[in-house]
Amino acid sequence: MDDSSRGRDVGHEPLPFVGDSSTEVISHDHDPGVRPQQSVRRGAEPFETFYRREMPRLVALARALSGSGAADDLAQEAMLAAYRRWSEVATYEHPEAWVRRVCANHATSLLRRRGAETRAVLRLASQPPSTADLDERYEAFWVEVRRLPRRQAQAAALRYIYDLSVAEIAGTMACSEGSVKVHLTRARAVLADRLGEASE
């Protein structure tokens, strides 16, 4: 099975652990706009452990930013990017921040590219996996999040899906804490105005 089919094999076992000797290292040019954490740590956990821990909420993040139809594929693609360069990503101080950033960038790029076509696909999409389901009571909220400017939507999704601090969101999005505060403040103001209630 090639890499592209693995990325879309929803519901199957996670990608196997990748040892340093067999890992395919991909240039950063393959992930435009994505910069890894510069600090590194000693040792590395198995990819399978990382996958099982991070995958459920990664799907939830993708769904929050893109809708249910493409969420699994987007999360799998982000994990596939991590799998291909695991010997490098595993040494980052926060590999989970790297894969979340890849997923968030893919999700918002997809939404911008497809526009009306994506919305039509989402209406016909099958139900998302229960392990990464978002409470349907808040679907109106996530619809409005997806209408926000890209960086505001990413900051809001990271805050509400992962309950990250401002500093953690800044590390994930590779921007300053001040920028995160601005994104969150503006996002909350717009959401409160559109929903007629406090976004919290």
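Assorted remarks:
- Sorted by Cβ density within 10 Å, fewest first, the residues His106, His183: His106, His183
- Neighbour counts of other Cβ atoms within 10 Å put Ser87, Ser165 in the fewest-to-most order Ser165, Ser87.
- The stretch between Ser165 and Glu45, if pulled fully straight at 0.36 nm per residue, gains 40.8 nm over its current Cα-Cα span.
- Packing-based exposure ordering (other Cβ within 10 Å, fewest first) of Phe141, Phe47: Phe141, Phe47
- Label positions at Cys175 and His94, each projected 7 Å from the Cα along the C-beta direction, are separated by 1.5 nm.
- Chain lengthening between Ala140 and Thr185 when straightened (0.36 nm per residue, less Cα-Cα): 14.3 nm
Read the figures in this text as sums done on the coordinates, not as results from a lab. The structure displayed is predicted, hence computed values, not measured ones. Quick reminder, even Gly has a Cβ in these numbers, built from the backbone with ideal geometry, and neighbours come from all protein chains shown.
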